[in-house]
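The values are calculated or read from the model by the stated rules, or taken from the named source; none is laboratory data. Keep in mind that what you see is a predicted model, and the values were worked out from it rather than measured. Using ideal geometry, Cβ is built from the backbone for each residue, glycine included, and neighbour counts are taken over all protein chains shown. The protein model used for the area step is the full one, side chains on, heavy atoms only, and it has no ligands, DNA or RNA in it. Shrake-Rupley method; radii C 1.70, N 1.55, O 1.52, S 1.80 Å.
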Amino acid sequence: MNAIIISAVLGVIMMFSGIFLKKNSSIAALAILGIIILLAVTIMEMSGYHFFAVDTHGMLFFDAFGLLFNCVAFAGTLALFLLNAKDIAAIGNNPGEYFALIFFVLCGIAIASSFNTLLMLFIGIEIISIPLYILTGSDKRNLKSNEASLKYLLLGAFSTGLMLLGIAFLYGASEKGSFFIDELAIGKAAASPLLMAGLLLITTSLAFKVSAAPFHFWAPDVYDGAPTPVTSFMATVVKGGAFIAFIRLFGDAFVELKSQWQIFIAILAAATLLIGNITAVFQQSVKRMLAYSSVAHIGFMLFALLTLNTLAREGTILYIAAYSAATIGLFAILAKMKDHGFEGFNGMARQYPKLALAATIFLLSLAGIPLTGGFLAKYYMIASVMQTGHFLWLVILSLFCAAISIYYYFRVIQAMYFKEGQGQHLEVSAGFSGWLIVLAIIVILLGIFPQWLIDRLYIIYL
Amino acid sequence: MIPVLLIVVPLLAGLISFNLKDASAKGWTLFASLVTLGITLIAVALPEGSKQLAVNAEWLTALNSRFSLNVDGLAKILCLLTALSFPIIFIATWNEQYKKARNFFGLMMLSQAGLIGVFLASDALLFYFFWELALIPVYFLASQWGGEKKVQATFKFFVYTFLGSLMMLVAIIFISQHTRDHSFSIASFYGLKGMISAHDQTWLFWLMFVAFAVKMPVFPFHTWQPDTYEQSTPAVTMVLSGIMVKMGLYGIMRWLAPVLPIGTYLWGDAVSTLCIIGIIYASLIALRQDDLKRLVAYSSIAHVGLMCMAIFATTESGIQGVMIQLFNHGINILGLWIVVYLIEKQFHTRKISELGGLAAKAPGLTLLLLIVTLGNIALPLTNGFIGEFLMFNGIYTSQSTTYNVVFMVTAAISIILAAMYMLNMVQRVFYGPVNALTEKAVDIRLNEKMVLGFIAVLIILIGIYPEPLFHLTKDAVESVLAKMYVKP
């Protein structure tokens, strides 16, 4: 509860900050302060300090899984702000509002990670989406940004419609006529056609939100068009939030009907892996490549949805943390660059050795090389599927996809280290490189001692 | 404590080297590699099973994986090879000038840490970690320093090995989920005893074997090797072929054959056939090679194929031969690469057809090369003979195949072919008329003489008195063999 209220309040504060604070840097500093407060109150809630006593009539339910995800999401946003706050403020003329919108999105994420009824799920997803439509188009003079925003709005509205329809179906199919997710499929050995239809609709809608193939077509265009820091936020924190909602819905409501929907998710995962990885190979811009790579990673995360076992829950948190850290780091560098093509990275190792080193660690993590968080994340996902004893074909397929991903991630490393070239001039401060190195160290720590993160799932005072 | 030092010393030395000046990195890493050698010698001297040789600490408790290292006979011989090779490589290539030398030497030390980790790990997940950790520095080494096509060649190598390791990872996960305590420890892996059905073992075998086969490499997974060896800078080629190749053979002996005995037994003939094809094929190509580097590369494929075959023979003499040959082949191939490097440095060509008559101009080099060559073609009284003789004996007496005579005879052809291409090379490069290029040849320098002399002495010494190597690996041979499936 702490996070939901505080993030909304912070959003309002940020909205008016533009009136009182004239300098971009002070607004950025205020935003960083705000996100630190938000992170702190969430950690305190995990430790048993509740600041607000709001009776939600059971519509919201806070558990370690959701709260820990919130911590990861807020920490990711903190990393984003530390690296790119100035770039966010410099998107347009209203710096305070961009931060305000981000805080509103975080509020939506806090709801989406703790919903207990379908209504709260819907509200959470919408609070996430609407500020994002604005953020995507916030670079008003850029035609691509406007196009991305419109595209995102139209397709997003469509998927929202599907979700509402799905919710209506599920409501109709539930015996008690209830929106509560634990009562949706109660006492049903097999899904009725109505329930199945509702489930499919809501799956489609959520697949759209996490950009799983074949509902991913918006993602590359929107990610490419949106201002880079916003893309970074959308591809990591927001995507994680939507995915947590996905996991919570299936894990709490439909886990008993697993056998009936598992095959859909398996196909979804396979298609996402294939399309994401293969299309990423052909990209000429690193930004677009990362967009497809984010699609590919959703393919791996869907393994958790497929299995819904302990390994999957632990793995989801680790995956989102490792993936977000690496992706935010790479986008942070991209945000400083003008040329987003692979050639833009040529010779970077010579000009900016620290940046190149950090970027290499991020790329290795995304590719799933041991000693980085990305490896253990992939490990958890593969192990969780293998534990079920089925879907070995999916595991083998994912291996080949992981091998393909080496190609496009290493292209960047090759450009940085092995290609000669007068790279572009980047305006990076010492602080930026410092925080980037810290983020890289976190990625490695996640790969060596994931324990301290995963243990948080089980240490809780609520 | 000692196993941790063996990994941490090169690791820290490598990390420190990144922050040194280019000029001082060379000396620093040589010093660090000598320290590592010292620690290895202590480890080798300690009796097996002593407390100092094992480490077992908590690590990924959620996954049931522990940080456990253990030094047994097999690990000792490979650590010794690794620890010995690095100073040899550094001294032999002492006069080489590298761009960004500190990075070069730092990465070299990191790869040493990874390699030693691979040989010591007694937890499957930890093994996998080190397996990849050894690969990453080598990837950067081979892509940054070397020939024109280095980036493409190394990338091919990387993708091959990465896909192989991922397959191994799936097998490791599957096996660990079937162990009694769902752990990754080698004891649980060895304690499986029939808990994985023969049917599962058949496909698990290939998942693991491909990872090891790519590293060795065994036909048809070898296509990365000649390109990578040719394009890499000499020091890296030496690491790749002297030590990294052994990771595959080691993996089979430690993690494949004892863990999946039925799968190993069922596919033994198929693997041996692949090895035979590889041996003959590589030998024939080596015979026709004009490029010295490619010649040595193909000769390595042939030798390693024979070693792989000898493991699957499942006999005491075969496995004993492999363990000894792991060390001997490492030393011999190192010697060959050093000679190739010295020739290329002096004449800026590797074409056999452009060289000739070196013997008259460089008698020191010629003598030492001759000894290395004789070791490589396994002449009696050289180290190669002991290992290959045992392996042939093992293949011939094998109970696990009905084709042992066929395997033995076809493999024996490889010895003849090896003699042909090696001696042919010696003759054309070192004897015959002196041409314009070799007219001004000078003999090798002191440091080069020292390392080649050292290698030559080792070759003859082991050839005459191989007892210490037997003694070192005796227990390991028995423990591997005890877990393999032998037809009653």
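Roughly speaking, what is the centre-to-centre gap between the range A:405-446 and the range A:152-223 when only Cα atoms are used, to the nearest Å?
One Cα centre to the other: 39 Å.
Pop out a list of residues from the range A:403-419 that are at least 10 Å² less accessible with all the protein chains around than in their chain alone; 1.4 Å probe, no ligands or nucleic acids counted.
SASA drop of 10 Å² or more in the range A:403-419: A:ALA403, A:ILE406, A:TYR407, A:PHE410, A:ILE413, A:GLN414, A:TYR417, A:PHE418.
To the nearest 0.05, how large is the calculated FRET efficiency for B:TRP206 and B:HIS182 if R₀ is 22 Å and r is the Cβ-Cβ distance?
On the way: r = 24 Å, r/R0 = 1.07.
Step by step, r from the Cβ atoms, then E = 0.40.
If the convex hull of the alpha-carbon atoms of the range A:348-462 is projected onto planes in all directions, what is the mean projected area in square nanometres?
Values: hull surface 39.7 nm².
Mean orientational projected area (the range A:348-462, Cα hull): 9.9 nm².
Could you tell me the ratio Rg/Rh of the range B:203-297? Both radii from Cα atoms, Rh via Kirkwood.
On the way: Rg = 14.4 Å, Rh = 14.2 Å.
Using only Cα positions, Rg/Rh for the range B:203-297 is 1.01.
Could you work out the Rg to Rh ratio of the range B:275-488, with Rh taken as the Kirkwood radius (inverse of the mean 1/r over all Cα pairs)? Spell out each step's value before the answer.
Details: Rg = 18.3 Å, Rh = 17.9 Å.
Taking Rh as the inverse mean 1/r over Cα pairs, Rg/Rh reads 1.02.
Share of the range A:157-313's accessible area from carbon and sulfur, percent, 1.4 Å? Mind dumping the intermediate values first?
Working: 3220 of 4660 Å².
C and S fraction of accessible area: 69 percent.
Farthest toward the dipole's positive end in the protein assembly as shown, which of B:VAL322, B:SER24, B:GLN52, given Cβ charges of +1 (Lys, Arg) and -1 (Asp, Glu) about the Cα centre?
Highest projection toward the positive end goes to B:SER24.
Multiply the residue gap between B:MET1 and B:TYR190 by 0.36 nm, knock off their C-alpha separation, and tell me the result in nm, one decimal place. Show your work: numbers first, answer last.
Working: separation 189, 0.36 × 189 = 68.04 nm, distance 2.44 nm.
Difference between extended and current length: 65.6 nm.
At 1.4 Å probe size, with every protein chain present, just tell me what the per residue accessible area of chain A comes to in Å². Could you put the intermediate results ahead of the total?
Numbers: 16040 Å² over 462 residues.
I get 35 Å² per residue for chain A.
How large is log10 I(q)/I(0) at q = 0.18, 0.19 Å⁻¹ when the Debye formula is applied to the Cα atoms of the range A:97-199, each weighted equally and without solvent?
Scattering profile of the range A:97-199, log10 relative to I(0): -0.87, -0.92.
To the nearest 10 Å², what's B:ARG102's accessible area with a 1.4 Å probe?
Per-residue accessible area (B:ARG102): approximately 90 Å².
Using θ = phi - 60° and the Karplus curve 6.51 cos²θ - 1.76 cosθ + 1.60, what whole-Hz ³J(HN,Hα) does each residue of the range A:115-127 get, with Gly and Pro shown as x?
5, 10, 10, 5, 5, 5, 4, 5, 4, x, 4, 6, 5
Please state, as a whole number in µm²/s, the translational diffusion coefficient that the Stokes-Einstein equation yields for chain B at 4 °C and 1.567 mPa s, with Rh defined as the Kirkwood radius across alpha carbon pairs. Could the numbers behind the result be given before it?
Details: Rh = 22.5 Å.
Approximately 58 µm²/s, per Stokes-Einstein.
Can you find, among B:TYR485, B:ALA286, B:ALA313, the residue sitting farthest towards the positive end of the charge dipole of the range B:275-488, where Lys and Arg contribute +1 and Asp and Glu -1 at Cβ?
B:ALA286
Hey, any idea what the orientation-averaged projected area of the convex hull of the range A:24-154's Cα atoms comes to, in nm²? List each step's numbers first, then the result.
Numbers: hull surface 34.4 nm².
If you wrap the Cα atoms of the range A:24-154 in a convex hull and average its projections, you get 8.6 nm².
Students often forget the sequence filter, so: which lysines lie under 21 Å Cα-Cα from A:LYS354 once same-chain residues fewer than 8 apart are removed?
Straight-line reach from A:LYS354, under 21 Å: A:LYS86, A:LYS287, A:LYS336, A:LYS338, A:LYS419, B:LYS21, B:LYS99, B:LYS100.
Given +1 on the Cβ of Lys and Arg, -1 on the Cβ of Asp and Glu, and no further charges, what dipole in debye does the range B:275-488 carry about its Cα centre, rounded to the nearest 20?
Numbers: 14 positive and 12 negative charges, 83 e Å.
Value, rounded to 20: 400 debye.
Report the convex hull volume per residue for the range A:239-335, counting only C-alpha atoms, in Å³.
Per residue, the Cα convex hull of the range A:239-335 comes to 81 Å³.
What is the percent of Cα-Cα separations in the protein assembly as shown that go past 57 Å? Mind showing how you got there, number by number?
Values: 76928 of 450775 pairs.
Within the protein assembly as shown, distances greater than 57 Å cover 17 percent of Cα pairs.
Can you show me the helix-derived [θ] at 222 nm for chain B, built from DSSP H runs with n ≥ 4 at -39,500 (n - 2.57) apiece and divided by the number of residues, rounded to the nearest 500. Write down the numbers at each step before the final one.
On the way: 20 runs with 351 residues, N = 488.
Rounded to the nearest 500, it is -24500 deg cm²/dmol.
Using only the alpha carbons of the range A:2-457, what is the convex hull's orientation-averaged projected area in square nanometres? Don't skip to the end; give the middle numbers.
Values: hull surface 79.9 nm².
Hull-based average projected area comes out at 20.0 nm².
Taking the Cβ-Cβ separation of A:LEU119 and A:LEU445 as r and a Förster radius of 41 Å, what is the calculated FRET efficiency to the nearest 0.05? Could the numbers behind the result be given before it?
Details: r = 39 Å, r/R0 = 0.95.
FRET efficiency, A:LEU119 to A:LEU445: 0.55.
Beyond 18 Å, what percent of the Cα pairs of the range B:62-139 remain?
Details: 1445 of 3003 pairs.
The share of Cα pairs beyond 18 Å in the range B:62-139 comes to 48 percent.
Taking the solvent-accessible surface of protein heavy atoms with a 1.4 Å probe, what is the per residue accessible area of the range B:298-442 in Å²?
Working: 4910 Å² over 145 residues.
Heavy-atom SASA per residue in the range B:298-442 reads 34 Å².
Send over a whole-number figure in Å² for the accessible area per residue of the range B:1-139, probe 1.4 Å. Write out the running numbers ahead of the final one.
On the way: 4590 Å² over 139 residues.
Roughly 33 Å² per residue, with all protein chains present.
How high is the relative contact order of chain A, given as a whole-number percent (alpha carbon pairs under 8 Å, six or more residues apart)?
Value for chain A: 16 percent.
Counting only protein heavy atoms, what percent of the accessible surface of the range B:72-204 is carbon or sulfur at a 1.4 Å probe? Before the final figure, lay out the partial values.
Values: 2080 of 3520 Å².
The C+S portion of the solvent-accessible surface of the range B:72-204 is 59 percent.
Mind checking the angle between helix B:383-396 and chain B's longest principal axis? C-alpha axes, 0 to 90 degrees, to the nearest 10.
It is inclined by approximately 40 degrees.
Of B:PHE347, A:PHE400, which has the most accessible area with a 1.4 Å probe, and how do the rest follow in descending order?
On the way: B:PHE347 20, A:PHE400 95 Å².
From most exposed to least exposed: A:PHE400, B:PHE347.
Over the whole of B:169-178, what's the average partner chain Cβ count within 10 Å per residue? Rounded to a whole number, please.
Details: counts 10, 9, 0, 2, 8, 7, 0, 2, 4, 0.
For peptide B:169-178, the averaged partner shielding equals 4.
How long are the semi-axes of the ellipsoid equivalent to the range A:404-456, from square roots of 5 times the Cα gyration tensor eigenvalues, in whole Å, largest first? Show your work: numbers first, answer last.
Numbers: eigenvalues 162, 73, 10 Å².
Values for the range A:404-456, descending: 28, 19, 7 Å.
Before we go on, tell me the buried accessible area for the A/B pair, both chains summed, 1.4 Å probe, in Å² to the nearest 100.
3000
Indicate the residues belonging to the range B:101-143 that lose 50 Å² or more of solvent-accessible heavy-atom surface (probe 1.4 Å) upon moving from the chain alone to the assembly of all protein chains, ignoring ligands and nucleic acids.
B:PHE129, B:TYR139, B:PHE140
Let me understand the range A:368-425 better: what is its radius of gyration from the alpha carbons, and its Dmax, in angstrom?
15.9, 52
Which order, highest average first, do A:285-298, B:105-118, B:410-423 follow once you tally other Cβ atoms within 10 Å for each residue and take the mean per peptide? Don't skip to the answer; put the middle values down first.
Values: A:285-298: 25.2, B:105-118: 26.7, B:410-423: 18.1.
Put in order of decreasing packing, that is B:105-118, A:285-298, B:410-423.
Roughly speaking, to the nearest percent, how much of the range A:1-108's 1.4 Å accessible area is carbon and sulfur?
Looking at the range A:1-108 in its full context, I get 72 percent from C and S.
Tell me the angle of helix A:143-173 to the major Cα principal axis of chain A, expressed in degrees between 0 and 90 and rounded to the nearest ten.
10
Which residues belonging to the range B:58-73 lose at least 40 Å² of 1.4 Å-probe accessible area when the assembly is complete, relative to their chain isolated?
Hits at the 40 Å² cut-off: B:TRP59, B:LEU60, B:ALA62, B:LEU63.
Taking the 0 to 90 degree range and rounding to the nearest ten, how far is the long axis of helix A:353-367 tilted relative to the main principal axis of chain A, both from C-alpha atoms?
Roughly 30 degrees, rounded to the nearest 10.
In whole angstrom, note down how far apart the Cα centers of the range B:101-167 and the range A:271-299 are.
26
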